[in-house]
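Read the structure below first, then the notes.
The values are calculated or read from the model by the stated rules, or taken from the named source; none is laboratory data. Note that the structure is a prediction, hence the values are computed from the model and not measured. So basically every Cβ, Gly included, is an ideal-geometry build from the backbone, and we count neighbours across all protein chains shown. Heavy atoms of the whole protein, side chains included, go into the accessibility calculation; ligands, DNA and RNA do not. Shrake-Rupley method; radii C 1.70, N 1.55, O 1.52, S 1.80 Å.
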Amino acid sequence: MPQTNASPFTSSQPTLADLLTIESSASIYYSYARETELSSRFSSESVWFTMLVPTNKAVMALAHKPHQGPEPVEPRIGISEQELDESSKRNVERWVSAHIIPSRISLSDIPVSYETLQDGKLVTFNPAPNTMSDLPEWMRVTLEDRVRIIGMKEAQNGVLYLIDGTVVPN
């Protein structure tokens, strides 16, 4: 039988999952994201995501961590462990999806808003104050409440923007 020299497909560019794995400053976000079904799409070549990934420092600064969700209007006494677990999962899904735009974005004509994977959540990019015009476009914008983009990495299935704050889900 003749031998074939089949080689596995390799890409010169990493996937979003690869970038998140090696980006130590975003390990908390990726830890939360891996708890969701969305994470399986981070290595898919059939999707394009623009990810707004908060640094560990930004997540640590949150008064309520992503799994806790917003502060309840009325305190709930006697919540079962199952209810707490389901609530935590919903809160994480909401928070992670608010940081993902399911398309390519352009920052050349700002202000501009893009819909995220969280239903009804828009992220608006505005001109950053006091920036030089020779900087890359992503360095000349802020989003949400003056959150800055502090890094950008391209993947074969999207772009990862490291941000110094978080996107607040609806």
Antiparallel DSSP bridges in the chain: what percent, to the nearest 5? 75
Amide H to amide H under 5 Å from Ala155: which residues, 5+ apart in sequence or cross-chain, H placed 1.01 Å off N in plane? Leu160
With a Förster radius of 25 Å, plug the Cβ-Cβ distance of His67 and Thr124 into 1/(1 + (r/R0)^6) and report the FRET value to the nearest 0.05. 0.45
Between Leu107, Leu16, Leu84, find the one with the highest GNM mean-square fluctuation for the chain; connect C-alpha pairs within less than 10 Å. Leu84
Name the residue farthest towards the positive end of the dipole of the range 53-170 from the options Ser108, Ser88, His64, assuming +1 on Cβ of Lys and Arg, -1 on Cβ of Asp and Glu, about the Cα centre. Ser108
Using the Kirkwood radius built from alpha carbon pairs, what does the Stokes-Einstein equation give as D for the range 121-161 at 20 °C and 1.002 mPa s, in µm² per second? 192
Can you give me the Cα centroid spacing of the range 140-170 and the range 81-129 in angstrom? 10
Need the full-extension length gain, Gln82 to Thr21, defined as separation in residues times 0.36 nm minus the C-alpha distance. One decimal, nm. 19.0 nm
Starting from the Cα of Asp109, step 7 Å along the direction of its Cβ; do the same at Met152; then give the gap between the two resulting points in nm. 1.8
Looking at the calculated P(r) for the chain, what percent of the C-alpha pair distances fall above 25 Å? 37
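Given a 1.4 Å probe and every protein chain left where it sits, what share in percent of the accessible area of the chain is carbon and sulfur? Each step should come with its number before you reach the end.
Numbers: 5250 of 10400 Å².
Answer for the chain is 50 percent, counting heavy atoms of protein chains only.
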Output the peptides 38-47, 153-162 sorted from most to least packed, where packing is the average of other Cβ atoms within 10 Å over each peptide's residues. 153-162, 38-47
